[in-house]
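Everything on this sheet refers to the single structure shown next.
The values are calculated or read from the model by the stated rules, or taken from the named source; none is laboratory data. Keep in mind it's a predicted model, so treat the numbers as computed, not measured. As a convention, Cβ positions derive from the backbone with ideal geometry for all residues, glycine included, and neighbour counts pool all protein chains shown.
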Amino acid sequence: MPLAHYGVLKGDLYTPQEQTYQGKWFHGVFYVTVPGAPLPRRCVTDFSSATKNRIQYKLFTKLDPKLFARIAALPDGYTPLAAAAQSGALDYARSPILGAAARDGWIVSDGEVAVKKLQDHLSAGPAKLFVFGEPFTDAAPQVDAGVRSQNGMHNVHMNQGDPARSSDGRDHQADDGIWQDGATVFQNADGSLTAFCCKFVSQTFDTDDHGLPTGHAGVVSP
């Protein structure tokens, strides 16, 4: 079954300095402010490992603004999106905005390299951020590396095509679905759009209408 909740958080970058933390898995963290929220929202990208090549990432540049118009017109804050192309949801294997070569050119990477690539675009000072993924809530404000935040977004990565068993020994197919992929889209100072997308090496683009692998079961990452 798909994610319980899916949508996009639109807002302003709180700080250009991204944080990282290594719990069981290596994550990159940045913060987004939205009107009416007393604290910034925490946006978390799972890169699996700081030093092992367990993920793939790709930067999509000069996205067609006409295909992004529905999302760009949303008010700042979180908006739930239906799992359908018409809502403006993302799908790495199906979204026209990512282009015909969406499956090509993905870079196999460890978390340290990938998080630096994401940091480069945060440091450039985007005019607006759009974070696609699943929202989470905190019962109380959280403090990480001196930054006080509450609530945010996770599953900011591909959310389909998982093998029956992933590198953590778990079955992530319970979260698989189409039109629910996560990504960070930057509206740059010049008005152009850039998307930072990432996936686990175990995930495949060849999925059925339920987001489950077809043709092969995927490959368990090392």
Next on the checklist: If Gly28 meets every condition in (1) buried (at least 19 other Cβ atoms within 10 Å of the Cβ); (2) touching an Asp or Glu at 6+ places or on another chain (Cβ under 6 Å); (3) over 26 Å from Gln173 (Cα atoms) apart from one, which number is that one?
Outcome noted: (3)
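Is it fair to say Leu9 is within 18 Å of Ala183 (Cβ to Cβ), surrounded by 22 or more Cβ atoms within 10 Å (Cβ to Cβ) and either modelled with pLDDT of 95 or more or among the polar types (S, T, N, Q) (or both)?
It is true that Leu9 is within 18 Å of Ala183 (Cβ to Cβ), surrounded by 22 or more Cβ atoms within 10 Å (Cβ to Cβ) and either modelled with pLDDT of 95 or more or among the polar types (S, T, N, Q) (or both).
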Checklist outcome for this item: When every residue in the range 83-101 that is out of contact with any Phe, Trp or Tyr (no Cβ under 6 Å at 6 or more places or on another chain) and part of a loop (DSSP other than H, G, I, E, B) is compared, the one nearest to Ala69 (Cα to Cα) is Gly88
Checklist entry - For the range 125-155, which residues satisfy the criterion of being modelled with pLDDT under 95, of a type in the set (A, V, I, L, M, F, W, C) and outside any loop (DSSP other than H, G, I, E, B)? => result Val143, Val147
Item to check | Residues satisfying the stated conditions in the range 80-96, i.e. surrounded by 15 or more Cβ atoms within 10 Å (Cβ to Cβ) and either more than 21 Å from Pro213 (Cα to Cα) or among the hydrophobic types (A, V, I, L, M, F, W, C) (or both) | outcome: Leu81, Ala83, Ala85, Ser87, Gly88, Ala89, Leu90, Ala93
Checklist outcome for this item: Across the range 52-72, the tally of residues that are surrounded by 15 or more Cβ atoms within 10 Å (Cβ to Cβ), among the hydroxyl-bearing types (Ser, Thr, Tyr) and more than 17 Å from Val156 (Cβ to Cβ) stands at 0
Item to check | Check on Thr33, free of Cβ contacts under 8 Å to residues at least 40 places away in the same chain and hydroxyl-bearing (Ser, Thr, Tyr) | outcome: yes
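Taking the condition in contact with a Gly (Cβ under 9 Å, 6 or more places away or on another chain) and touching a residue at least 60 places away in the same chain (Cβ under 8 Å), does Thr79 pass?
Yes: the conditions hold for Thr79.
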